[in-house]
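Reading through the structure tokens given below for one structure.
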């Protein structure tokens, strides 16, 4: 829940108006959570290092939240990644974790 909370809070912080969509899907025995927003998107300068320590463009926080999320996801056999949306409006964060229930 720490990861989802961090990602959702970031989406809220960077989306002044518009929507935030949280979705859960099952694919290839993975639970994939996506958080898609219509905010400002991720600055191209920090996108490659987004999940490293002290990476931020925000005037709030020190840039440790996503680094901690990555560490937690990997500790549980998962991964986390992000991309700007194809329509250049906002960004989507993804969290993939091994599913505890097998999907048909």
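What follows draws every value from the coordinates through simple rules; no lab data is involved. Given the structure is predicted, the values throughout are model-derived calculations rather than measurements. So basically every Cβ, Gly included, is an ideal-geometry build from the backbone, and we count neighbours across all protein chains shown.
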*Of 87, 43, 59, which has the largest mean-square fluctuation in a 10 Å C-alpha GNM of the chain?*
59
*Hey, what angle do you get for helix 2-14 against the long axis of the chain, alpha-carbon based, 0 to 90 degrees rounded to 10?*
30
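Using Cα pairs closer than 8 Å and at least 6 residues apart in sequence, work out the relative contact order for the chain, in percent.
31
Could you compute how fast region 2-98 diffuses translationally, taking Rh as the Kirkwood radius over C-alpha pairs and applying Stokes-Einstein at 25 °C with viscosity 0.890 mPa s? Give it in µm² per second.
This corresponds to a translational diffusion coefficient of 181 µm²/s.
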_Helical mean residue ellipticity (222 nm; -39500 (n - 2.57) per DSSP H run of 4+; nearest 500) of the chain_ = -7000 deg cm²/dmol
*asked:* Students often check this: by mean Cβ neighbours within 10 Å, which of 10-23, 66-79 ranks highest, and how do the rest follow?
replied: 66-79, 10-23
*asked:* Just to confirm the number: angle between the C-alpha axis of helix 65-75 and the first principal axis of the chain, 0 to 90 degrees, nearest 10?
replied: 20
*asked:* I want to check the label-to-label distance for residue 1 and residue 85. Put each point 7 Å from Cα in the C-beta direction and report it in nm to one decimal.
replied: 2.8
